[in-house]
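Asker: First the structure, which I've put down as structure tokens, then a few questions once you've had a look.
Just so it is clear, none of the values below were taken in a lab; they were calculated from the coordinates. All values reported here derive from a predicted model rather than from experimental measurement. Every residue, glycine as well, gets a Cβ built from its backbone with ideal geometry; the counts of neighbours run over all protein chains shown.
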Amino acid sequence: MRTVVANLKGGTGKSTVAFNLGLWLLEGRRRVLAVDLDPQCTLSDALEVRQEEGFEPALDVTSDLESAQAHEGDYDEILIDVGASDMAALMAAVEGADRVLIPVPPSQADVWATYRFVTRILEQRGNRNRPEILAFINRADTHTAVRESDETCSALEQIEGVRLLQPRLKQRMAFRRSFSEGLSVHELEPRGKAAAELDALAVAVFGGRRQ
């Protein structure tokens, strides 16, 4: 299965999400290839830190989409991280995707960007063989009194062609630390809230559970 993690808007946390989902799958004994098509190469940087520190298991990564497609049979899951700054690469990745996962921070601007992104996907792929389009709230506020995350959920539910996932990733230090230290949130804080949130999201996207 080929999963593209993307959004038209920058700063949505997609590289952090791709990094943690890739390691979640790997720790669940699935064969995973990460594809970093973002010109900023932040996913590759995090995996380089992981390699330098000698953390296991190692997650395979490439920046060549054609190479990933050629070796697709060697993997159970291919995770593609791609930025909107290279629109050609983004839409090329979407063209062959089985699913598109859209992290959406709680703001109206991110809702608008998500709507435009979904519209482009549907226009490109049409009604036949369209990918599964999933969205979830990323970097949600940790304070229950703040209503912006709920309001963003309500807005996303109105976008045709999108399945809104209920699990949310909240604005937690563990996600920033895990990325910079080359560790997943499960490795960093196995019993922490971030690990529980990531587990719920991963199950919603990929099914099953970590071994």
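Asker: Between Gln69 and Arg176, what is 0.36 nm times their sequence separation minus the Cα-Cα distance? Round to one decimal in nm.
Answerer: 35.5 nm
Asker: Could you state the number of Å between the C-alpha centres of region 150-211 and region 1-28?
Answerer: Going from one Cα centre to the other spans 10 Å.
Asker: Considering Cα pairs under 8 angstrom that are at least six residues apart, work out the relative contact order of the chain and quote it in whole percent.
Answerer: 26
Asker: Can you compute the label reach from Met91? Point 7 Å from Cα along the Cβ direction, backbone N cut-off under 14 Å, restricted to region 121-135.
Answerer: Backbone N within reach: 121-126.
Asker: Do the sum for the chain: with -39,500 (n - 2.57) for every DSSP H run of n ≥ 4, divided by all residues, what is the mean residue ellipticity at 222 nm, to the nearest 500 deg cm²/dmol?
Answerer: The per-residue figure over the chain is -13500 deg cm²/dmol.
Asker: Counting every Cα pair in the chain, what percent are over 23 Å apart?
Answerer: Roughly 41 percent, rounded to a whole number.
Asker: Sorting check: for 9-19, 53-63, which peptide has the highest mean count of neighbouring beta carbons within 10 Å, and how do the rest follow?
Answerer: The packing order, highest mean first, is 9-19, 53-63.
Asker: With a Förster radius of 22 Å, plug the Cβ-Cβ distance of Gln51 and Thr119 into 1/(1 + (r/R0)^6) and report the FRET value to the nearest 0.05.
Answerer: About 0.05, to the nearest 0.05.
Asker: Using a Debye calculation, one point per C-alpha and no hydration shell, please list log10 I(q)/I(0) for region 107-211 at q = 0.12, 0.17 Å⁻¹ in order.
Answerer: Listed by q, the Debye log ratios stand at -0.50, -0.91.
Asker: Moving on. In µm²/s, what is D for region 129-172 at 4 °C and 1.567 mPa s, where D = kT/(6 pi eta Rh) by Stokes-Einstein and Rh is the Kirkwood radius from Cα pairs?
Answerer: In µm²/s, the coefficient is 115.
Asker: For Thr62 and Asp150, calculate 0.36 nm times their separation in residues minus their Cα-Cα distance, and state this gained length in nm to one decimal.
Answerer: Net length gain for the segment: 28.0 nm.
Asker: Moving on to the next point. Would you mind listing how long region 1-48 runs along its three principal axes, going by Cα atoms, in whole Å with the largest first?
Answerer: On the principal axes, region 1-48 reaches 32, 23, 15 Å in Cα extent.
Asker: At a Förster distance of 35 Å, what's the computed FRET efficiency of Glu157 paired with Asn129, Cβ-Cβ distance as r, to 0.05?
Answerer: My answer for the efficiency is 0.90.
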